[in-house]
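K.L.:
What follows is a structure written as structure tokens; I'll ask about it next.
Laboratory data are not the source of any read-out in this text; all were calculated from the coordinates shown. Just so you know, these numbers come straight off a predicted model, no measurement behind them. For neighbour counting, all protein chains shown are included, and Cβ atoms are generated from backbone atoms with ideal geometry for every residue, glycine included.
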Amino acid sequence: MNKNDSLVDQKRRAILGGMGGTAAAIVGLTIAPGVLLTQTAQAKPVDEAISSKTRWGILIDTNNCNDCNDCVTACEEENGWGSGSTDEQKSRPDQKAQWIRTVKVTDKQTGYAKTLPMMCQHCEHPPCVDVCPTGASFKRDDGIVLVDKHICIGCRYCMMACPYKARSFIHETLTDQRSYMPRGKGTVESCTMCVHKVDNGENPACVDACSSSMTFGDLNDPDSEISKELARHGGTQIRADLRLNPGVRYQGLNF
Amino acid sequence: MHVMHILKIISLAVLLLTATGINADVPKPKPIHGEGQCVEPEDDMKRNHMEYILHQRDETMQKGIRTSKHSFKQCVSCHAVKDDNGEYVRIDDPSNKHFCATCHEFAAVSIDCFQCHADTPRSTDKHELRVNK
Amino acid sequence: MKKVYFSEIDGNSMGYLAVVAILGLITALGLGAFWYMEHNGHWVTGMNNEVVWGLPHVFAVFLIVAASGALNVASISSVFQKAAYKPLARLSGLLALALLAGGLAVLVLDLGHPDRLIVAMTYYNFKSIFAWNIYLYMGFFVVVIIYLWMMMERKMNGFTRAAGTAAFIWRLILTTGTGSIFGFIVARQLFDSAIYAPMFIIMSFSFGLAIFILVLMAIYGGTGRPLGDAILFRLKNLLGVFVAAVLMMVTIFYLTGLYATEHHDVVAFILNGNNIYTKLFWVVQVIMGSLAPLAILYNPITGTSRGWIAIAAILVILGGLAQLYVILIGGQAFPLVLFPGMEVSSSFADGVVAAYSPSLPEFLLGFSGIGIALIIVTLALKVLGFAPNSLADADVDPHYVAAK
């Protein structure tokens with residue numbers, strides 16, 4: 001066993017050894033300088049549950065949006081799908097995961113056109129949650145809509161029900177996931193609003209990649225930047241006629 | 001879920017009994033231990049690791065509680081094993097040297113955790129693991 | 001009028017064994033296709049992230065709809081007290097159970113995680129019409145088995161009408177649930193309509209009876225037991241009524257769509273598109289599956305020919321499969337409306353009709369649902385007395401008067 005012991009990564013062992021003690025703090029500081037210190041300052045304590053006092057949302061100003069695709073690439077890299085993963089080589093293009101995409105909208109009459117990113121809209125009344133037979137499709141207290149892949153049976157009814165085509169079914173075995181973003185064959189997935197980052201007080205990856213046009217924040221907090229901007233200039237809900245009250249809002253769509 | 005657990009325990013017990021009783025010469029699995037203390041005593045972990053993980057799973061997924069003590073990511077990170085080429089051993093490696101595979105293959109208790117979860121530390125991760133109590 | 005009694009079929013002939021072998025092969029091919037799809041993942045199918053339900057679901061929904069319809073013959077006997085249908089009631093119940101089993105098997109075997117069936121049985125979201133359906137399907141088995149027991153156990157015969165009424169009500173609710181799988185979907189232009197529930201009920205009458213007629217003719221032809229014209233012609237006339245009723249529902253459905261500007265695009269896509277759905281709708285569903293059977297069944301010459309009645313029943317089944325293909329696949333292929341009235345385009349086929357071409361494994365899995373259903377019937381007939389020894393007119397119809 002001694003030979004095998006030496007195979008274990010020493011650094012990771014150090015984490016194990018120091019867990020729960022002062023050593024953890026030191027290791028934490030060295031492996032993630034800055035990130036832990038500055039970001040956690042505004043974040044909720046890690047052991048505190050989320051609450052419905054918060055409703056996370058994203059505001060997208062489409063006036064600056066062209067087809068640069070930065071938000072899509074950032075999502076792929078962050079969450080390990082599309083170009084951010086070596087997986088899904090067998091799936092056809094229409095079978096591959098698509099968490100976020102850029103959509104071009106054109107008014108045929110006038111020629112007025114806009115480009116915008118389209119992803120899970122994190123509805124207050126999500127049809128995907130309504131139709132899910134097992135409750136795998138669920139909405140967190142803070143408004144983020146997720147799939148509990150532990151109880152997802154892969155029936156795809158949520159994909160039938162989503163008006164935004166925001167969900168993807170995994171058509172083959174995956175082996176190249178990110179540690180913080182479990183994804184796998186036979187289950188449905190979609191944009192998580194980078195829940196793993198949000199819980200740590202950070203912005204979703206797309207917002208970080210496009211800070212000039214995307215704002216992330218608490219829609220329930222009137223003093224948050226997103227709420228103030230929405231109060232000042234308003235925002236559009238896509239398919240507002242369905243009354244789903246999405247958490248993703250757009251500006252500059254004058255259709 | 002309870003029924004499943006009872007079934008698992010019964011099948012594990014039967015397997016262990018037959019394995020120890022009939023094939024006494026089959027070597028027992030010797031999982032590679034991390035250095036220092038695990039987050040819970042070893043005996044406790046042997047028996048109850050799935051309960052801890054299950055509890056933490058719902059805490060994290062539904063309530064956003066991201067403490068690392070019983071975090072699945074943390075288990076995978078600390079107990080990662082490298083092969084002779086310095087590569088992390090995957091869960092489906094025929095050597096069964098992946099920490100989880102050592103016992104689970106021996107006891108023939110299949111787990112589907114790694115259909116979705118990363119089975120090794122990932123260099124592609126954009127974030128280091130947070131380490132907290 | 002000789003005494004009618006129920007008896008097991010012999011099931012020793014080469015013909016019987018050949019039927020079992022063929023149905024067994026169809027079932028085995030379906031299980032093989034399931035293993036192949038499950039082992040590889042759904043990338044080996046034609047299904048994708050836009051057309052998420054494919055050919056297996058067309059077969060599964062068809063069988064589930066037909067299952068509740070197959071029970072109608074029993075309902076006519078027990079609930080509406082038509083004596084002539086009484087000898088057919090047991091077979092009707094058996095066929096209903098078998099068709100539901102076949103349909104559910106296909107539905108379950110296509111799941112991304114069929115290994116998590118226990119999850120589907122233990123976690124419920126009661127706002128989901130799917131979750132209700134799980135209860136409705138399981139309940140249907142229980143209710144119909146009790147109903148069959150009341151019919152087949154002499155001591156319990158007194159409860160037949162009560163059990164039959166319960167089964168009848170249950171099956172109406174069940175098909176309401178099946179139709180509502182589509183009726184409750186707000187996102188898709190072709191769905192989101194309350195008419196799906198009643199339309200599916202009428203469809204079930206038609207598809208279920210068509211299958212029942214074919215199975216009845218096969219059993220009595222194969223075993224050499226007498227099957228009278230009077231009972232068969234009653235059934236075929238009823239089938240004609242149901243086929244016409246389905247056609248009426250379909251007409252109302254699309255007329256509503258033609259009236260409202262909002263729905264013009266999707267209705268034009270189905271009725272007047274340059275695509276497979278338009279062809280299936282007009283050629284297979286309307287002409288072959290509705291108008292042709294009506295003409296055959298009500299024409300005095302073909303309507304009294306057993307061969308033509310069988311052809312009509314087969315056409316109704318093909319038309320039904322086409323109808324479900326148009327609803328299910330066509331409904332998903334039509335582009336989602338993200339911005340009503342606007343033109344959209346993207347890297348993910350927004351604004352474009354979604355492509356779907358079914359693969360062989362999907363067909364084999366879907367088709368095996370029929371194999372599973374029929375093999376259950378074939379084996380059950382040998383084990384228990386579901387089929388009367390004679391369905392000759394003089395034996396079963398109290399009002400029968402021999403033709404001069």
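K.L.:
For peptide C:178-186, what's the mean number of Cβ atoms from other chains within 10 Å of each residue's Cβ?
P.N.:
Averaged over the peptide's residues, the number is 3.
K.L.:
Same structure, new question: Considering all alpha-carbon pairs of the protein assembly as shown, what whole percent are spaced by more than 52 angstrom?
P.N.:
The proportion of pairs with Cα distances above 52 Å equals 24 percent.
K.L.:
About its Cα centre, how strong a charge dipole does chain C have in debye, to the nearest 20, once Lys and Arg get +1 and Asp and Glu get -1 at the Cβ?
P.N.:
Dipole about the Cα centre, nearest 20: 1500 debye.
K.L.:
Using only Cα atoms, find the angle between the long axis of helix C:196-223 and the longest principal axis of chain C, and express it within 0 to 90 degrees, rounded to the nearest 10.
P.N.:
Roughly 40 degrees, rounded to the nearest 10.
K.L.:
Under a Cβ-only charge scheme (Lys and Arg +1, Asp and Glu -1), can you give me the dipole magnitude of segment C:160-281 about the Cα centre, in debye to the nearest 20?
P.N.:
500
K.L.:
With only Lys, Arg, Asp and Glu charged, each at its Cβ (+1 for the first two, -1 for the last two), find how big the charge dipole of the protein assembly as shown is about the Cα centre; round to the nearest 20 debye.
P.N.:
That gives a dipole near 2400 debye.
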